[in-house]
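S.K.: Quick one: the structure is below, questions incoming.
The values are calculated or read from the model by the stated rules, or taken from the named source; none is laboratory data. Computed from a predicted structure; not experimentally measured. Heads up, the Cβs are rebuilt from the backbone with ideal geometry, glycines too, and the neighbour counts pull from every protein chain shown. Only protein heavy atoms, including side chains, enter the accessible area calculation; ligands, DNA and RNA are left aside. Shrake-Rupley method; radii C 1.70, N 1.55, O 1.52, S 1.80 Å.
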Amino acid sequence: MGTADSKKDVLHVEGGKPLSGTIKVRGAKNLVSKAMVAALLAPGTSVLKNVPEIRDVSVVSDLLRLHGVDVNFDGENGIVAIDATKVYLADVADVDTLSGSSRIPILFSGPLVHRLGEAFIPSLGGCNIGGRPIDFHLETLRKLGAKVDKEHTDGVHITAPDGLKGAKIHLPYPSVGATEQTLLAAVLADGRTELSGAATEPEIMDLVAILQKMGAIISVDVDRTFRIEGVKELKGYTHTALPDRIEAASWASAALATRGDIFVKGATQPDMTTFLNVFRKIGGEFDIRDNGIRFWHPGGDLHPIALETDVHPGFMTDWQQPLVVALTQANGLSTMHETVYENRFGFTEPLIEMGATVQLYRECLGALPCRFQQRNFKHSAVIFGPTPLTGRDIEVPDLRGGFSHLIAALTANGPSNVHGISLIDRGYADFRGKLFALGAKIG
């Protein structure tokens, strides 16, 4: 790790100090990138507001530009303007240079097939937290009439000689990505599409709102069924992205773990109801205001909890990792049953090396029906606390796990060096600046 670049990728943290102060969250990472892709569906300009300065936004901007789209991002004010009047097929080699940076390219499929009749999708990257196969995506496109050629070693070529047609699609699991894929591909398809077993996360409903602004006709039933009536054309949109409930909850967990007090400007109650209930049960306090939510540790013991992750409206899988760090400081035995991603507990190893008591199990330690039962994945965790944490060298494994390690380093006594910190830039805008604002000792 001797180069200048690698030195920049290490954050030195002096832990043991409560985080206190005000930070601001902008639009949700899980919506903003998809909203930018949606702009491809319409010739003309779309304007997205409340956009965070994160690497995913840069990656999608670059991908759009490779396809001839004009993208202007005013980072200071959080506004991105996308002019998709001109769209052309990008050079395969150029697109491939961005493969591995993000899993977003697969969502370009529907819009590009509508605009150009074909699309090329490179090999995909993303966080290594469990299998996120693109089979759901490709199967959806096939059902809508696309031809998928997987012969290319560096990606997938998708064509639709007769255009995309409405279809009945059922998802065996409410996959967020496959739901987004269907929405983006079906809005301009000929005829009606019925999508059952869909994901209904707030970010998806915000994407539906954007598509409706563009001219789409989409209805949502209470049984996770979307009905999309294809239209002949769409127009550009102007939209303010909903706030990032994952980032807000991450800072809330940091307040709890470090015995701090953080006002998260921009956080809103409706999309965080499930998290707020859990935060309160553990012993955290919060105050909901018009412009944000204040989270703080009121003193005394934190309470252990039995918890399971689930699709919306359940407890979000992305909330789990930062909260596990806080649970190492709770008085007693907590359980966490992960039902969304099978390998999301890899991040606990450094926590154990820092002094946490965490045991992983293949069994389902919870009541929810779980896809990973009898499948040999360590997808349940038992956390015993409170345990003091001691600073050490940590390697960031993925986006949410990385922020969790950062929280652990801030909670721990003594110095830590967190390596691979740039991974956190994918989803947490200016997290170093925010840590300074909260009084963290970092360098």
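S.K.: Can you confirm whether ALA408 is modelled with pLDDT of 95 or more, outside any strand (DSSP E or B) and under 28 Å from GLY314 (Cα atoms)?
M.R.: yes
S.K.: Kindly indicate the residue of the stretch 77-101 that is touching a strand residue (DSSP E or B) at 6+ places or on another chain (Cβ under 6 Å) and farther than 15 Å from LEU64 by Cβ and also modelled with the highest pLDDT among those meeting that condition.
M.R.: ILE79
S.K.: A further question on this structure: Go through the stretch 304-314 and give me each residue that's touching a Phe, Trp or Tyr at 6+ places or on another chain (Cβ under 7 Å) and closer than 20 Å to PRO202 by Cα.
M.R.: The answer is GLU308, THR309.
S.K.: Okay, moving on. Report every pair of residues separated by at least 6 positions or lying on different chains whose Cβ atoms are under 9 Å apart, first residue within the stretch 76-100 and farther than 24 Å from ARG426 by Cβ, second modelled with pLDDT under 80 and surrounded by fewer than 18 Cβ atoms within 10 Å (Cβ to Cβ).
M.R.: Filtered contacts from the stretch 76-100: VAL92/HIS152; VAL92/ASP154.
S.K.: State which residue pairs qualify: first residue closer than 15 Å to PRO397 by Cα and inside the stretch 407-436, second residue among the polar types (S, T, N, Q) in any location, beta carbons under 6 Å apart, and separation of 6 or more residues or different chains.
M.R.: ALA409/SER416
S.K.: Identify all residues within the stretch 257-282 that are within 18 Å of ILE407 (Cα to Cα) and of a type in the set (Gly, Ala, Ser); write none if there are none.
M.R.: Listed by number, the residues that qualify are ALA257, GLY260.
S.K.: What are the residues in the stretch 154-193 that are surrounded by 17 or more Cβ atoms within 10 Å (Cβ to Cβ), part of a strand (DSSP E or B) and charged (D, E, K, R), if any?
M.R.: LYS165
S.K.: Now for a separate question. Do you know which residues across the stretch 411-439 are open to solvent by 10 Å² or more (accessible area, probe 1.4 Å) and assigned to a loop (DSSP other than H, G, I, E, B)?
M.R.: GLY414, GLY420, ALA429, ASP430, GLY439
S.K.: Moving on. Only one residue in GLU247, GLU233 is part of a helix (DSSP H, G or I), among the acidic types (Asp, Glu) and either touching a Leu at 6+ places or on another chain (Cβ under 9 Å) or crowded, with 24+ Cβ neighbours inside 10 Å (or both), so which one is that?
M.R.: When all the criteria are applied, what remains is GLU247.
S.K.: For the stretch 17-41, give me each residue that is open to solvent by 10 Å² or more (accessible area, probe 1.4 Å) and part of a helix (DSSP H, G or I).
M.R.: LYS29, ASN30, LYS34 - these are the residues of the stretch 17-41 that are open to solvent by 10 Å² or more (accessible area, probe 1.4 Å) and part of a helix (DSSP H, G or I).
S.K.: Look at ALA330 and say whether it is hydrophobic (A, V, I, L, M, F, W, C), buried (at least 18 other Cβ atoms within 10 Å of the Cβ) and in contact with a Phe, Trp or Tyr (Cβ under 7 Å, 6 or more places away or on another chain).
M.R.: So ALA330 does not fit the description; no.
S.K.: Please work out which one of (1) more than 22 Å from the chain's Cα centre (by Cα); (2) among the aliphatic types (A, V, I, L, M); (3) within 17 Å of ARG26 (Cα to Cα) is the condition VAL220 fails and give its number.
M.R.: Only one criterion is unmet by VAL220, namely (3).
S.K.: Looking only at the stretch 385-406, filter to residues that are touching a residue at least 40 places away in the same chain (Cβ under 8 Å) and either polar (S, T, N, Q) or open to solvent by 40 Å² or more (accessible area, probe 1.4 Å) (or both); which one of those is nearest to GLU247 (Cα to Cα)?
M.R.: Within the stretch 385-406, the match that is nearest to GLU247 (Cα to Cα) is SER404.
So that you can scan it fast, the table gives a plain yes or no per residue for (1) β-branched (Val, Ile, Thr); (2) assigned to a strand (DSSP E or B); (3) open to solvent by 60 Å² or more (accessible area, probe 1.4 Å); (4) out of contact with any helix residue (DSSP H, G or I) (no Cβ under 9 Å at 6 or more places or on another chain):
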{"site": "PRO43", "(1), (2), (3), (4)": "no, no, yes, no"}
{"site": "VAL59", "(1), (2), (3), (4)": "yes, no, no, no"}
{"site": "GLY68", "(1), (2), (3), (4)": "no, no, no, yes"}
{"site": "VAL71", "(1), (2), (3), (4)": "yes, yes, no, no"}
{"site": "GLU76", "(1), (2), (3), (4)": "no, no, yes, yes"}
{"site": "VAL80", "(1), (2), (3), (4)": "yes, yes, no, no"}
{"site": "THR85", "(1), (2), (3), (4)": "yes, no, yes, yes"}
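S.K.: With the checklist (1) modelled with pLDDT under 95; (2) over 18 Å from ILE104 (Cα atoms); (3) under 25 Å from the mean Cα position of the chain (by Cα); (4) not charged (D, E, K, R) in hand, flag the one item THR3 doesn't pass.
M.R.: Answer for THR3: the failing condition is (3).
S.K.: Has the stretch 281-290 got at least one residue that is under 16 Å from the mean Cα position of the chain (by Cα), closer than 20 Å to PRO202 by Cα and open to solvent by 20 Å² or more (accessible area, probe 1.4 Å)?
M.R.: So far as the stretch 281-290 goes, no, none of its residues is under 16 Å from the mean Cα position of the chain (by Cα), closer than 20 Å to PRO202 by Cα and open to solvent by 20 Å² or more (accessible area, probe 1.4 Å).
S.K.: Can you find even one residue in the stretch 195-203 that is modelled with pLDDT of 95 or more, of a type outside the set (Asp, Glu), surrounded by 23 or more Cβ atoms within 10 Å (Cβ to Cβ) and outside any helix (DSSP H, G or I)?
M.R.: For the stretch 195-203, residues modelled with pLDDT of 95 or more, of a type outside the set (Asp, Glu), surrounded by 23 or more Cβ atoms within 10 Å (Cβ to Cβ) and outside any helix (DSSP H, G or I): present.
S.K.: Sticking with this structure for a sec: Sort through ALA185, ALA189 and tell me the only one that's among the hydrophobic types (A, V, I, L, M, F, W, C), farther than 27 Å from TYR341 by Cβ and modelled with pLDDT of 95 or more.
M.R.: Of ALA185, ALA189, the one residue that is among the hydrophobic types (A, V, I, L, M, F, W, C), farther than 27 Å from TYR341 by Cβ and modelled with pLDDT of 95 or more is ALA189.
S.K.: Right, another one. For residues in the stretch 258-280 being β-branched (Val, Ile, Thr) and closer than 25 Å to LEU389 by Cα, which is surrounded by the fewest Cβ atoms within 10 Å (Cβ to Cβ)?
M.R.: Result: VAL278.
S.K.: Can I ask one more? Which numbered condition trips up ASN376, out of (1) outside any loop (DSSP other than H, G, I, E, B); (2) free of Cβ contacts under 8 Å to residues at least 24 places away in the same chain?
M.R.: The number of the failed condition is (1).
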